[in-house]
Amino acid sequence: MIDKKNPTIVQMIAVLLIVAAVCSAGVAAVYAMTKDTIAETNAKKLQKSLSEVLPEYDKTDTLTIKTDDGNAFCYIAQKGGQTVGYAIKTSNMTGYNGLVEVLTGFDNDGKIINTSATVLNETPGLGQKAVEPKFKDQFKGFEPSKKTLKVKKDGGDVDAISAATITSRAYTLAVQQAFNALQKHLGNKVDTNSGATSSANKNADEREIENDK
Amino acid sequence: MDYVIIIISSIFVNNVVLAKFLGICPFMGVSNKVNTALGMSGAVAFVMVIATLVTFYIQKLLVSLGIDFMQTIAFILVIASLVQMVELVLKKVSPSLYQALGIFLPLITTNCTVLGVAIEVAGKATYRPAEAAVYALSNAIGYGLALTIFAGLREQLELSEVPEGMRGVPIAFITAGILAMAFMGFAGLA
Amino acid sequence: MSSKLSILTKGLIKENPALILILGMCPTLGVTSSAINGLGMGLATTFVILLSNVIISIIKNLIPDNVHIPAYIVVIASLVTILQQLMAAYLPALNESLGLFIPLIVVNCIVLGRAEAFASKNGVVDSALDGLGMGLGFTLALTVLGAIREVLGSGSIFNLKFYEGDGIIGFVLAPGAFLVLGYLVAVTKKLSKKLDKKEE
């Protein structure tokens, strides 16, 4: 048996190895068990957010749009082969507690349908109010091409949450990033040629886009 | 990412102790004297920067192997071994500091600042190694700042009259609360 | 029997890990902005303390003294990782609001503290009771702290709003955590002194 007070080096290494092996096996087993459930939970969550910010659709294509301020993950909603809207996930680190990730839904005219925070760990009772309708609903129908996506304090058209300007700024910035990505994807056509997101345009831009599939 | 923003926000705005509540145990334990507080901060800074850099690459390795669910286990083992190394080095280089930090040096392992910052950095996919190091260092400075200020306050506190029930830990927490309020004033900087 | 019961109950007030022993302060302050979060964090920690106490009391005789700390840490870290996965799968909302503090259970001094001070010297049943008691004491402290902060700061309790409009925001933020904890520690000290006197 093992001498507890004066173990040999071999004994020490063996014990640690066995402990580590058994523990890793346990962790791996639980990982295998929960992997599918976690994936399912995450997929459900994403579906819920997507359905909040997009019109009715029957399938989505995904692609990553590279912009100056990081990658934007884009879901192109389609119904009967027609593109009906874009949901773009963008994030930045400027929230009060760092990461803020927002899913912004646009219609074909580049008008915002709705927004949904996918990662928001702000202070409860302050920044966390960004998930409440009072703040969120002002983005519904917001036209970034005509109005400015900035809080009023910074000369924009967004009402900040009282006492939580930092969160409001971060959230608004994420929405602006989404709009920038959309503009890049559509080749700036939304401004001048409202509604005409012709497929020619899209194809022309496809080369710049790293398709995710 | 702008280094200045990282530095200012992690030292003042999102201070690791007073806003993120990491490393409170040693914050209460070693903050009786300014000297001890400084020593502890130095040790934490050293361990934190190395640990964050090492775990930064380990995270990349874990992700590439597809086993990033092992993150917590891998990180804590790296940090635990690093702390042992620091302990050995300190014992040789500065025995007096080693004496002063006593029991708290091994406890850096269970100081959530180090693991917390390592996990935070691992979660920031866009960070480059230099940014990770700056982030770790400025968090360590923020930690040292809070610890040292608090130690100074507590040295004064020992001389003042406090109602019996509030003596010791309770009044220390109240003081920390007021200090946290003061640090909230920095929020405007970000 | 009474000794078994006292092992279980001592963690609640007399040796409450958070309020008397002042251990595990990071989650105590960090997640208690609402009662639900406090309760969730407390139960998550209880899960880890209970299991780590049981496992360590089983394997204590197989581990040489000079490598026992790394061995214990591996056990605890594995339990925390298992907990992380279970929570991500079945309690995603709570998992998100507790965030960083779930992996940080690894470095919660209570867990290693109990393993070292109790489980490595006692039998399986006693260690389980000790882990359960300490965990529940921690849960109690976190829930009370969370409830007080939520009532004052958000005007609600367990997410049930009883006061329309904003609460005293300071209590939800960092300073409120320190202040409420300070007073709570003072009150608990007083209570535990009273209990001691009664026993005499």
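The values are calculated or read from the model by the stated rules, or taken from the named source; none is laboratory data. Quick caveat, the model's predicted, so the values are computed rather than measured. No Cβ is skipped: glycine too gets one built from the backbone with ideal geometry, and neighbour counts run over all protein chains shown.
Is it the case that region C:142-163 has a residue that's within 13 Å of chain B (Cβ to nearest Cβ), under 18 Å from C:S97 (Cα atoms) and β-branched (V, I, T)? Within region C:142-163, none of the residues are within 13 Å of chain B (Cβ to nearest Cβ), under 18 Å from C:S97 (Cα atoms) and β-branched (V, I, T). The residues on offer are B:L137, B:L153, B:L159, and the sole one that is more than 10 Å from every other protein chain (Cβ to nearest Cβ), more than 21 Å from the chain's Cα centre (by Cα) and either surrounded by 15 or more Cβ atoms within 10 Å (Cβ to Cβ) or without any contact (Cβ under 8 Å) to a residue 40 or more places away in the chain (or both) is B:L159. Listed by first and then second residue, the pairs linking a residue in region B:1-14 that is closer than 13 Å to B:A130 by Cα and within 10 Å of chain A (Cβ to nearest Cβ) to a residue that is of a type outside the set (S, T, Y) and assigned to a helix (DSSP H, G or I), with Cβ atoms under 6 Å apart and 6 or more places separating them unless they lie on different chains, are B:M1/B:E131; B:I6/B:V134.
The set of residues in region C:92-110 being among the β-branched types (V, I, T) and either more than 15 Å from B:I108 (Cα to Cα) or touching a strand residue (DSSP E or B) at 6+ places or on another chain (Cβ under 6 Å) (or both) consists of C:I102 alone.
Say we look at region A:153-207 and pick out the residues that are touching a helix residue (DSSP H, G or I) at 6+ places or on another chain (Cβ under 8 Å), of a type in the set (D, E) and modelled with pLDDT under 80; which of these is farthest from A:K129 (Cα to Cα)? Top of the filtered list is A:D205.
Taking region C:87-121 as the range and being more than 10 Å from every other protein chain (Cβ to nearest Cβ), crowded, with 18+ Cβ neighbours inside 10 Å and outside any helix (DSSP H, G or I) as the test, only C:S120 passes. Considering only residues in region B:27-45 that are closer than 27 Å to C:V75 by Cα and either aromatic (F, W, Y) or within 12 Å of chain C (Cβ to nearest Cβ) (or both), the one that is surrounded by the most Cβ atoms within 10 Å (Cβ to Cβ) turns out to be B:F27. Of all the criteria given as (1) more than 9 Å from every other protein chain (Cβ to nearest Cβ); (2) in contact (Cβ under 8 Å) with a residue 40 or more places away in the chain; (3) surrounded by 14 or more Cβ atoms within 10 Å (Cβ to Cβ); (4) touching a strand residue (DSSP E or B) at 6+ places or on another chain (Cβ under 8 Å), the one not satisfied by A:T67 is (4).
Taking the conditions exactly as written (buried (at least 17 other Cβ atoms within 10 Å of the Cβ) and in contact with a helix residue (DSSP H, G or I) (Cβ under 6 Å, 6 or more places away or on another chain)), does C:S127 satisfy them or not? Answer is yes for this residue. The residue that is farthest from the other protein chains (Cβ to nearest Cβ), among those in region C:55-64 that are farther than 17 Å from C:T81 by Cβ and in contact with a helix residue (DSSP H, G or I) (Cβ under 8 Å, 6 or more places away or on another chain), is C:S57. Restricting region A:82-137 to residues that are in a strand (DSSP E or B) and of a type in the set (D, E, K, R), the residue that is farthest from the other protein chains (Cβ to nearest Cβ) is A:K89.
Applying the criterion of being over 13 Å from the mean Cα position of the chain (by Cα) and part of a strand (DSSP E or B) to the residues of region A:37-62, the residue that is farthest from the other protein chains (Cβ to nearest Cβ) is A:K59. All conditions but one from (1) surrounded by fewer than 20 Cβ atoms within 10 Å (Cβ to Cβ); (2) closer than 27 Å to C:G30 by Cα; (3) among the β-branched types (V, I, T) apply to A:V102; the one that does not is (1).
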